[in-house]
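Below is one structure; the comments refer to it alone.
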Amino acid sequence: MDAATTRCAEEFLRRTLSPLAQLLEDESVTEVMVNDPRAIWVQRAGRVERAPVVLGAEALQAAVALLGRLAGRGPGVPGSDPWVEARFDGLRVAACLPPLAPGGPALCVRRHRRLRPTLRQMACGSPGQAVALARLAQAVRRGEAILIAGATDAGKTTLLNALCAEIPPAERVITLEDTPELAPDLPHHLALACDPVSGATIRDLLRLALRLRPDRILLGEVRGPEAFDLVQAAMTGHRGMMATIHASDPPAALARVESLALCAGVPWPPQALREAVARAFDLVAVLESRAGVRVVRQVVRVAGADPDAGYRLHVEADPASPELADRATAEAGHRPARACAEPGGCGVPY
């Protein structure tokens with residue numbers, strides 16, 4: 001939704017739920033979680049902590065109803081379900097009412113980060129992180145396809161934003177997202193976003209983007225049948241695609257692309273699908289959060305797929321392995337940076 005609607009939502013939340021106003025205005029707070037009117041938690045600097053505030057049950061219910069009306073569905077809209085999931089400009093909101101939440105209205109507000117750290121800032125002086133990020137930057141410049149995996153809030157979109165700086169400025173880049181978060185500083189960039197009113201999905205946007213003469217397509221998150229179209233596009237010569245996906249490690253990320261591609265309903269022999277996924281992506285990067293800091297855990301190259309053994313993966317960078325990091329550093333001619341003295345030792349703080 002647009003900025004005006006977002007301001008309306010934020011203003012109402014501050015006015016109706018005044019105890020949350022200070023939390024919503026705190027730039028270090030990225031998420032506010034209301035389990036019930038007396039159990040409120042926040043994520044601050046990557047750590048979840050309980051907030052010493054209490055809300056009125058009626059005010060909380062009124063706020064959830066208004067969010068439903070602003071979103072055009074959910075609580076507050078006659079005939080709708082007692083829950084709402086809405087994406088405003090810079091905010092993502094999920095909420096529900098009893099009986100779904102027996103303890104009282106529940107609400108979760110997530111604020112997208114405004115900061116856009118660079119790859120150098122993400123390395124934070126760690127030689128292992130610097131090597132991993134250098135591998136990814138080199139892959140972007142070469143036009144290789146990268147799948148970025150990790151859990152919620154691991155920094156997948158942050159890394160994708162930073163990698164955009166390595167894209168040659170002459171290329172036409174099209175970004176596809178549910179909620180606009182990617183902000184590549186590129187002269188030839190077209191942003192496409194889903195529209196719940198018209199029903200336009202990521203899959204619709206991907207099909208449209210393929211007809212808009214892209215040099216590169218960046219997909220904010222693979223989460224449905226658009227995985228099939230993404231793999232098909234990669235196999236038909238669309239180089240340099242990048243996407244994020246929720247997964248814990250490289251094999252799980254590729255396997256999830258497989259399962260999501262099957263949601264498209266196109267009959268595809270399992271081994272043929274696996275081989276197609278292996279050809280679609282050159283690298284898989286896995287991120288994680290450690291003590292409030294986001295780091296690259298591993299970068300692997302997809303070398304193919306076997307009928308029984310699954311995907312053939314070669315580790316290109318592993319910051320946790322000093323031996324591998326030293327070898328990669330020597331191969332790349334990279335000069336190690338001074339070790340970071342901050343908690344977590346490397347990565348991007350929240």
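The values are calculated or read from the model by the stated rules, or taken from the named source; none is laboratory data. Note that the coordinates shown come from a computational prediction; the quantities given were computed from them, not determined experimentally. Please note: Cβ atoms are built from the backbone with ideal geometry, for glycine as well, and neighbour counts cover all protein chains shown.
Cβ separations smaller than 6 Å between residues 6+ apart or across chains give the following pairs from region 133-159 residues that are on the phi < 0 side of the Ramachandran plot and assigned by TED's automatic domain parsing to the domain that holds ASP215 to residues that are surrounded by fewer than 22 Cβ atoms within 10 Å (Cβ to Cβ) and hydroxyl-bearing (Ser, Thr, Tyr): ALA154/SER289.
Of the residues in region 280-291, at least one is closer than 30 Å to PRO225 by Cα, crowded, with 17+ Cβ neighbours inside 10 Å, modelled with pLDDT under 95 and within 21 Å of the chain's Cα centre (by Cα). Screening GLY224 against (1) more than 29 Å from PRO269 (Cα to Cα); (2) touching a Leu at 6+ places or on another chain (Cβ under 7 Å); (3) assigned to a loop (DSSP other than H, G, I, E, B) leaves a single unmet condition, (1).
Residues in region 265-304 that are small (Gly, Ala, Ser) and either part of a strand (DSSP E or B) or within 23 Å of GLY240 (Cβ to Cβ) (or both): ALA276, ALA278, ALA280, ALA285, SER289, ALA303, GLY304.
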